[in-house]
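Take a look at the structure set out below.
The values are calculated or read from the model by the stated rules, or taken from the named source; none is laboratory data. The shown structure was predicted, so the numbers you read here are calculated from the model rather than taken from an experiment. Reconstructed Cβ throughout: ideal geometry from the backbone, glycine too, with neighbour counts over all protein chains shown. Heavy atoms of the whole protein, side chains included, go into the accessibility calculation; ligands, DNA and RNA do not. Shrake-Rupley method; radii C 1.70, N 1.55, O 1.52, S 1.80 Å.
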Amino acid sequence: MAHQSDLIAQDIGAYLKAHEHKSLLRFITCGSVDDGKSTLIGRLLYESKMIFDDQLSALEQDSKKVGTRGGELDFALLVDGLAAEREQGITIDVAYRFFSTEKRKFIVADTPGHEQYTRNMVTGASTADLAVILIDARKGVLTQTRRHSFLVHLIGISRVVLAVNKMDLVGYSRETFERIVADYRAFAARIGLTDITAIPLSAAYGDNILAASPNMPWHAGPNLMQHLEDVPVTDAATGKPFRLPVQWVNRPNQDFRGFAGQIASGRVARGDRIRVLPSGRESEVARIVTAGGDLESAVAGQSVTLTLTSEVDVSRGDVIAAGSAPPQVASQFEATIVWMHEEPMLQGRAYLLKTGARTVTATITPVKHKINVNTLDELPAERLELNDIGVCELELDRGIPFDPYTENHTLGGFILIDRMSNSTVGAGLLNFALRRSQNVHWQALDVDKKVRARQKGQKACVLWLTGLSGAGKSTIANLIEKRLTAEGRHTYLLDGDNVRHGLNKDLGFTAQDRVENIRRVAEVSKLMVDAGLIVLVSFISPFRSERRMARELFQPGEFFEVFIDTPLAEAERRDVKGLYKKARRGELKNFTGIDSPYETPESPEIRIDTTAMDAAGAAERIIDRLQELKVIDT
Amino acid sequence: MKAAAAAPLSTGTLTHLQRLEAESIHILREVVAECEKPVMLYSIGKDSAVMLHLAVKAFYPAVPPFPLLHVDTTWKFKAMYAFRDEIAARLGMQLLVHINQEGLKAGVNPFTHGSQVHTDVMKTQGLKQALDKYGFDAAFGGARRDEEKSRAKERIFSFRSAQHRWDPKQQRPELWSLYNPRKHPGESLRVFPLSNWTELDIWQYIYLENIPIVPLYFSALRPVVERDGALIMVDDERMPLKPGETPMQKRVRFRTLGCYPLTGAVESDADTLPAIIQEMLLTKTSERQGRVIDHDAAASMEKKKQEGYF
């Protein structure tokens, strides 16, 4: 701290005052094995005078003994810590280094560049505000550079310093530097990194580390330390809606009930309307308690204790949020998962998921794909191995309050813990709630469709039979239901005629009423599927758009359109109920096929040609098909 | 207690000390919420003072819901014992003092057994005995990552086997502020809430928050003898004087506090916190040099850690 020592010597009071207001920048350095990363960090520590005399003399000795720079000071030795890595000459884990200048305190996450890169880099990056990506000027943008950049972007760091190192070895060539920067920018734009500051430097010789390098007068931008000191650290979380994951309920006596936690985002003030999630109860902030006295308001990052004006049930894991902008509650997500353990991640296995102060059970349903971090290609995958990154669907045993990771790192980031070994085996980012769980009311979350269906030993679904009047829908549906019930399944048959006697007796046969007729039946079927039932719907449902509307109420794999295909002439010939005759005589208006259209299904899951088989055969065919589709087991 | 560190800057950005404080409080609460029987290791030094102060803040208005544990080697400075008892009484916290009785019976002391054996028996073994005796499953320690190279990689939640061993390969990745405190019966955690603090941060925080510390940190006239280039304070009658040694009265203070026969004093006039900080910043000798245990082979701390020393 040579540049500050005058002030320290002359006026320690002024120095302390200035340092009281220092901000903190956490950054990560990413580079490959030989990019000079440790040298750069060692250099930063050395230049900011964080190396004490005794450490320096140890460094001089070590440089002669095990240094790689022929007896010259090897700054990398300042930061290589564990005995094992000294022997191997590589760093093997995430290390944290500290230095400070007049303006800032810095915490550097130093992560290795070898094969454990993904686990370690993601770990180091998770707490960083900025990333320094090192490039060897002789080598330019490498596969590793792309990999590091992708991971930096994935974990949500938006600010990047492109440190083009070893400029001394390329004759401080401006052309080389500019070519590398152009290459990098082209790649970075592809993955969405835009806030990039490129600096040419030599960590070994100190060029552009602390002062403008006389060897590169053409570099108009800042030197590295200058940039690290000046880059804004305004916490993006402060501008977001208020969120406080409750860590601990403070109850020292009957008169005090406080909810302790660190504010994840936004700000809170006394008197603010809040909502507690997942319960959804509302209250008002009575006090913001700290040992230093009550606060009027508090912001993201502060650890506080809130009391509320009313008796509301709040426990660890709940989130206290802005009443006007609460987070969603959901139990099924699409998530991006980074696997961190030698034991691969298995679909269908239950892991513990910790997010905020809440731990729940999570099952990974399908792995949609994994990502090749070198090429960014999406690859099909059934499981994730150590250092794999995959996009998966997650199903939790209960709903949790969440925000997408891109919105809120605290409410969207999670770790996965193995239930047997207790190891932290993975980390992940919640991308979004799956449509099927979105807007599900919190009251229903403890027992959901899946649980109800499982209790009945079946998969809930709807068989939507459509076709002309007299095509045979009801007869076939009735046979299917009898068979399923005989097999011990839980079903319900919604028949068009029957429903029109009750729920829909106010509806006629105009196009508008037909739409409403289908909407109601679709909603009722949805409730029944939610109850875990196999639902048979036997409705003419003549319009494609309403059948599509019905389909969209369900998850993929739940809705089966069954087209009972009987030509008009054949239906009219059968005319079991005499309706066609009435219609032909004009006694029935808007009769499908006569004076109201029937829109034939374009791609039904199942099509039954009733001219080729009887009702029993049709029922048989449909059940066979459902077994093939694994909707019901054999 | 002043509210200085609690209110954010007008810009809405927290200062570095506010961020460190909030992080430490989060860690302390997380352990209390998730572990069954936590304890705070209290060594009476300045780092312990800050850690304890943070605990008071974390659980205010409740008293921190865990006891303090002092693993006593019986060779601490008298002023440290007095300070320890006073602080515990003032905070209303339970103070457990554990002394390795076997070591005591065997007469282990720093003068005849040397620093290594003394530290191993009285401190390392003593700590394990105490943790086993009370069945603590999580112990807060005041270690910082900036103290020593091998500590730079230490997790905040450091996992220990049932034999109290630290295995660098079994440490869990720590992402964001999500810590995994789960363990099997017998296994335990060492938790370091001050991991990200530096020596300067500690002093600055003590200054800003007006945290009481042992008076030995401040300069005063004290009786010392010079041994192997270190100034050792003659704190009580147990200290055997070598032929020709006479205690001299010198203005000295201590940058770090341990067992008095193993802790070198520095000549200094710094008798206020700003003066101490000033001296620290202008003196380019690192903090742990005063502790005799570090004068071993390279990576000695790592070996000690594997054996269970904090």
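Mind checking which residues of the range B:253-267 are within 14 Å of another protein chain (Cβ to nearest Cβ) and in contact (Cβ under 8 Å) with a residue 40 or more places away in the chain?
Across the range B:253-267, the qualifying residue is only B:256.
Results for (1) more than 23 Å from residue B:39 (Cα to Cα); (2) over 14 Å from the mean Cα position of the chain (by Cα); (3) basic (Lys, Arg), shown as yes or no for each residue.
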position	(1), (2), (3)
B:115	yes, yes, no
B:127	no, no, no
B:137	no, yes, no
B:141	no, no, no
B:145	no, no, yes
B:174	no, yes, no
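For the range A:468-498, which residues satisfy the criterion of being in a loop (DSSP other than H, G, I, E, B) and under 42 Å from the mean Cα position of the chain (by Cα)?
Once the filter is applied, which keeps residues that are in a loop (DSSP other than H, G, I, E, B) and under 42 Å from the mean Cα position of the chain (by Cα), the range A:468-498 yields A:487, A:488, A:489, A:490.
Which pairs do you get when a residue that is under 18 Å from residue B:148 (Cα atoms), found in the range A:99-117, comes within reach of a residue that is among the hydrophobic types (A, V, I, L, M, F, W, C) and modelled with pLDDT under 80, reach meaning Cβ atoms under 7 angstrom, with the pair 6+ apart or on two chains?
The qualifying pairs are A:99/A:50; A:110/A:79.
Test each condition in (1) within 24 Å of the chain's Cα centre (by Cα); (2) under 30 Å from residue B:36 (Cα atoms); (3) more than 10 Å from chain B (Cβ to nearest Cβ) for residue A:254 and report the one that comes out false.
Unmet for residue A:254, out of (1) within 24 Å of the chain's Cα centre (by Cα); (2) under 30 Å from residue B:36 (Cα atoms); (3) more than 10 Å from chain B (Cβ to nearest Cβ): (1).
Output the residues belonging to the range B:39-50 that are part of a strand (DSSP E or B) and open to solvent by 10 Å² or more (accessible area, probe 1.4 Å).
Listed by number, the list holds a single entry, B:41.
Looking at the range A:21-45 only, could you name the residues that are of a type outside the set (A, V, I, L, M), within 12 Å of chain B (Cβ to nearest Cβ) and open to solvent by 10 Å² or more (accessible area, probe 1.4 Å)?
A:21, A:23, A:26, A:38
Give me the pairs: first residue in the range A:599-611 and under 14 Å from residue A:468 (Cα atoms), second residue open to solvent by 60 Å² or more (accessible area, probe 1.4 Å), beta-carbon distance under 6 Å, and six or more apart or on different chains, which are they?
The qualifying pairs are A:599/A:544.
Among the residues of the range A:558-569, are any of a type in the set (D, E, K, R) and over 18 Å from residue A:631 (Cβ atoms)?
yes
I need a count of the residues in the range A:155-173 that are out of contact with any strand residue (DSSP E or B) (no Cβ under 7 Å at 6 or more places or on another chain) and part of a loop (DSSP other than H, G, I, E, B).
Residues flagged as out of contact with any strand residue (DSSP E or B) (no Cβ under 7 Å at 6 or more places or on another chain) and part of a loop (DSSP other than H, G, I, E, B) within the range A:155-173 amount to 5.
Of the numbered conditions (1) within 14 Å of chain B (Cβ to nearest Cβ); (2) surrounded by 23 or more Cβ atoms within 10 Å (Cβ to Cβ), residue A:386 fails exactly one; give the number of that condition.
Every condition holds for residue A:386 apart from (2).
Condition first: β-branched (Val, Ile, Thr) and more than 23 Å from residue A:153 (Cβ to Cβ). Now tell me which residues in the range A:174-219 satisfy that.
Matches in the range A:174-219: A:176, A:209.
Conditions first: (1) crowded, with 19+ Cβ neighbours inside 10 Å; (2) in a helix (DSSP H, G or I). Residue A:182 passes all but one, so which condition is the exception?
Only one criterion in (1) crowded, with 19+ Cβ neighbours inside 10 Å; (2) in a helix (DSSP H, G or I) is unmet by residue A:182, namely (1).
Six or more apart or on different chains, Cβ under 7 Å: which pairs go from a residue in the range B:230-252 that's assigned to a loop (DSSP other than H, G, I, E, B) to one that's aromatic (Phe, Trp, Tyr)? Could you list them?
Taking only residues 6 or more apart or on different chains, the pairs are B:235/B:77; B:235/B:260; B:240/B:111.
Pick out the one residue from A:497, A:506 that is assigned by TED's automatic domain parsing to the domain that holds residue A:465 and touching a Ser or Thr at 6+ places or on another chain (Cβ under 8 Å).
Exactly one residue qualifies, and that residue is A:497.
Residues that are more than 14 Å from chain A (Cβ to nearest Cβ): which strands (runs of 3 or more DSSP E) entirely in the range B:102-214 hold 1 or more of them?
Once the strands (runs of 3 or more DSSP E) in the range B:102-214 are filtered for at least 1 residues that are more than 14 Å from chain A (Cβ to nearest Cβ), what remains is B:138-140, B:188-191.
Residues in the range B:88-101 that are among the small types (Gly, Ala, Ser) and part of a loop (DSSP other than H, G, I, E, B): how many?
The total comes to 1.
Modelled with pLDDT of 90 or more, of a type in the set (A, V, I, L, M, F, W, C) and crowded, with 20+ Cβ neighbours inside 10 Å: does that describe residue A:360?
So residue A:360 does not fit the description; no.
What residue, of A:477, A:511, is surrounded by fewer than 14 Cβ atoms within 10 Å (Cβ to Cβ) and touching a residue at least 40 places away in the same chain (Cβ under 8 Å)?
Only one candidate qualifies: A:511.
Consider the range B:51-67. How many of its residues are hydrophobic (A, V, I, L, M, F, W, C), part of a loop (DSSP other than H, G, I, E, B) and more than 7 Å from chain A (Cβ to nearest Cβ)?
2
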